[in-house]
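The values are calculated or read from the model by the stated rules, or taken from the named source; none is laboratory data. From a predicted model like this one, the values you see are computed outputs, not experimental measurements. In this analysis, Cβ positions are derived from the backbone assuming ideal geometry, glycine residues included, and neighbour counts consider all displayed protein chains. Calculation scope for accessible area: heavy atoms of the full protein, side chains included, ligands and nucleic acids excluded. Shrake-Rupley method; radii C 1.70, N 1.55, O 1.52, S 1.80 Å.
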Amino acid sequence: MNTTNEFRLANSDKAELSAWLRLTTLPQGLAMRARLLLLLDEGHSPTYIALYLQTSRKSIYKWKNRFIEEGVDGLFDRPRPGRPSLIDEATIQKVLTLTTER
């Protein structure tokens, strides 16, 4: 099942991803990303992993490439654009101070 373009995880990364899968509170997306990287490390093809995890090959390559570029930190969701806050940081700090002090 090994491909010519082998993907190998460092032992520390493999241990961390395996530990993630033992957590009961891990978000489903992170668990899927950890599984797909561990399966790639075992030598399974992206086609097999996509069928096994019921996702697309495009998704497999996306997370593999992001892991290669950024490491384990690249597996977390990135902030998404949205409506900018109407309240400035100074007002937020003032409200927090007023609500936490007597």
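Within the stretch 91-99, can one find any residue that is touching a residue at least 40 places away in the same chain (Cβ under 8 Å), of a type outside the set (Phe, Trp, Tyr) and surrounded by 11 or more Cβ atoms within 10 Å (Cβ to Cβ)?
So the first thing to find is which residues in the stretch 91-99 are touching a residue at least 40 places away in the same chain (Cβ under 8 Å), and the list is none.
Checking the stretch 91-99: not a single residue is touching a residue at least 40 places away in the same chain (Cβ under 8 Å), of a type outside the set (Phe, Trp, Tyr) and surrounded by 11 or more Cβ atoms within 10 Å (Cβ to Cβ).
Could you list all residues from the stretch 86-100 that are part of a loop (DSSP other than H, G, I, E, B) and hydrophobic (A, V, I, L, M, F, W, C)? Step through it out loud before you land on a result.
Taking the stretch 86-100 as the starting set, the residues that turn out to be part of a loop (DSSP other than H, G, I, E, B) are 86-88.
Within the stretch 86-100, Leu86, Ile87 qualify.
Suppose we filter Leu21, Leu51, Leu39, Leu26 for residues that are of a type outside the set (Lys, Arg), open to solvent by 90 Å² or more (accessible area, probe 1.4 Å) and free of Cβ contacts under 8 Å to residues at least 24 places away in the same chain; which single one remains? Step through it out loud before you land on a result.
Numbers: Leu21 fails: open to solvent by 90 Å² or more (accessible area, probe 1.4 Å); Leu39 fails: open to solvent by 90 Å² or more (accessible area, probe 1.4 Å); Leu26 fails: open to solvent by 90 Å² or more (accessible area, probe 1.4 Å).
Going through Leu21, Leu51, Leu39, Leu26 in turn, the sole match is Leu51.
If you scan the stretch 54-66, which residues turn out to be free of Cβ contacts under 8 Å to residues at least 24 places away in the same chain, surrounded by 12 or more Cβ atoms within 10 Å (Cβ to Cβ) and over 15 Å from Phe76 (Cβ atoms)?
Just the residues of the stretch 54-66 that are free of Cβ contacts under 8 Å to residues at least 24 places away in the same chain, to begin with: 54-59, 61-62, 65-66.
Now narrow it down to the ones that are surrounded by 12 or more Cβ atoms within 10 Å (Cβ to Cβ): 55, 57, 59, 61-62, 66.
Thr55, Arg57, Ser59, Tyr61 - these are the residues of the stretch 54-66 that are free of Cβ contacts under 8 Å to residues at least 24 places away in the same chain, surrounded by 12 or more Cβ atoms within 10 Å (Cβ to Cβ) and over 15 Å from Phe76 (Cβ atoms).
Filtering the stretch 52-85 to residues that are of a type in the set (A, V, I, L, M, F, W, C) and either in a helix (DSSP H, G or I) or modelled with pLDDT of 95 or more (or both) leaves Leu53, Ile60, Trp63, Phe67, Ile68, Val72, Leu75.
Name every residue in the stretch 69-102 that is under 12 Å from the mean Cα position of the chain (by Cα) and not acidic (Asp, Glu), in order of residue number. Reasoning before the result, please.
Step one: filter the stretch 69-102 for residues under 12 Å from the mean Cα position of the chain (by Cα), giving 70-78.
Of everything in the stretch 69-102, those that are under 12 Å from the mean Cα position of the chain (by Cα) and not acidic (Asp, Glu) turn out to be Gly71, Val72, Gly74, Leu75, Phe76, Arg78.
Surrounded by 14 or more Cβ atoms within 10 Å (Cβ to Cβ) and part of a helix (DSSP H, G or I): is that true of Lys14 in this structure? When the stated conditions are applied, Lys14 passes them.
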